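Below is one structure, written out as structure tokens; the observations come after it.
The values are calculated or read from the model by the stated rules, or taken from the named source; none is laboratory data. Keep in mind that this is a model prediction, so the values were computed, not measured. FYI the Cβ positions are ideal-geometry reconstructions off the backbone, even for glycines, and counts take in every protein chain you see.
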2 protein chains.
Amino acid sequence: MLGKVNHIAIAVPDLVQATAAYRDTLGARVSQSQALPEHGVTVVFVELPNTKVELLEPLGADSPIAAFLAKNPDGGMHHICYEVEDILDARDQLKAAGARVLGNGEPKIGAHGKPVLFLHPKDFFGTLIELEQL
Amino acid sequence: MLGKVNHIAIAVPDLVQATAAYRDTLGARVSQSQALPEHGVTVVFVELPNTKVELLEPLGADSPIAAFLAKNPDGGMHHICYEVEDILDARDQLKAAGARVLGNGEPKIGAHGKPVLFLHPKDFFGTLIELEQL
């Protein structure tokens with residue numbers, strides 16, 4: 001079921017500082033920042049040769065990463081996103097295996113404009129997993 | 001400086017259960033487990049098309065992931081490893097930029113038999129970064 005690692009998401013308290021660290025200190029190629037108010041984050045893509053890191057800063061009052069940053073004020077790794085061919089098929093297989101899909105179980109349109117689902121981190125050893133249909 | 005994401009390391013309290021979840025529930029290809037007593041972990045590789053996830057379970061009394069699991073008993077994302085061409089050159093650039101290298105600053109031979117360094121997570125927004133020379 002799991003395809004490529006689409007991205008590793010890192011929540012940061014200060015996107016300007018984090019972008020500078022990845023660009024200037026680590027010498028990586030970084031994108032312009034993009035505000036995604038409907039997703040409650042501002043994002044910068046760190047473009048590696050085989051995948052991406054996404055630096056996320058909370059945007060707005062209901063950001064989905066606000067609680068994570070309250071618990072981890074320095075920031076930290078927030079989730080891993082894997083590509084899947086068919087997200088409904090993946091969801092049905094996962095539910096049949098006893099895994100919990102967050103929310104109402106229906107895919108939403110994610111930050112890349114593709115259908116996504118999140119899986120409960122308690123079912124995957126503390127790791128929040130996002131699935132994205134390409 | 002940063003090359004490919006070599007792996008994403010996930011610390012887990014029970015490697016047998018975690019391997020089963022990635023293999024059976026998530027449908028990923030997983031390796032046999034390998035005990036690496038000199039690194040204080042037992043590891044299973046989850047092989048994705050573009051990179052690897054490494055599931056790590058503590059091994060022995062001085063495991064480097066024991067403190068992380070004491071703080072995160074369910075497990076969680078532990079570090080990201082990036083490939084670099086020249087680890088001494090990378091280290092010198094990082095130190096010149098003010099980043100802290102863990103330990104004595106000299107590369108050690110990592111779990112893949114290659115020279116590695118770890119960077120202080122406080123300098124990278126809560127993310128522990130490993131650099132590995134290919």
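Within 10 Å of chain B (Cβ to nearest Cβ) and touching a strand residue (DSSP E or B) at 6+ places or on another chain (Cβ under 7 Å): is that true of residue A:40 in this structure?
No.
Of the residues that sit in region B:70-79 and are surrounded by fewer than 19 Cβ atoms within 10 Å (Cβ to Cβ) and more than 9 Å from residue B:12 (Cβ to Cβ), which one is nearest to the other protein chains (Cβ to nearest Cβ)?
B:72
Quick check: anything in region A:102-116 within 25 Å of residue B:57 (Cβ to Cβ) and either modelled with pLDDT of 95 or more or surrounded by 15 or more Cβ atoms within 10 Å (Cβ to Cβ) (or both)?
Within region A:102-116, none of the residues are within 25 Å of residue B:57 (Cβ to Cβ) and either modelled with pLDDT of 95 or more or surrounded by 15 or more Cβ atoms within 10 Å (Cβ to Cβ) (or both).
Considering (1) farther than 18 Å from residue B:112 by Cβ; (2) within 14 Å of another protein chain (Cβ to nearest Cβ); (3) surrounded by fewer than 18 Cβ atoms within 10 Å (Cβ to Cβ), say which one residue B:58 fails and leave the rest.
(3)
Here is a list: B:100, B:91. Which entry is within 21 Å of residue A:20 (Cα to Cα) and touching a helix residue (DSSP H, G or I) at 6+ places or on another chain (Cβ under 7 Å)?
It is B:100.
Hey, among B:67, B:35, which residue is within 16 Å of the chain's Cα centre (by Cα), surrounded by fewer than 19 Cβ atoms within 10 Å (Cβ to Cβ) and over 19 Å from residue B:118 (Cα atoms)?
B:35
Can you confirm whether region A:106-117 contains a residue that is within 8 Å of chain B (Cβ to nearest Cβ) and in contact (Cβ under 8 Å) with a residue 60 or more places away in the chain?
Checked region A:106-117: no residue is within 8 Å of chain B (Cβ to nearest Cβ) and in contact (Cβ under 8 Å) with a residue 60 or more places away in the chain.
Which one is surrounded by the most Cβ atoms within 10 Å (Cβ to Cβ), of the residues in region A:38-55 that are among the β-branched types (Val, Ile, Thr) and farther than 27 Å from residue B:84 by Cα?
Looking at residues that are among the β-branched types (Val, Ile, Thr) and farther than 27 Å from residue B:84 by Cα, I get A:41.
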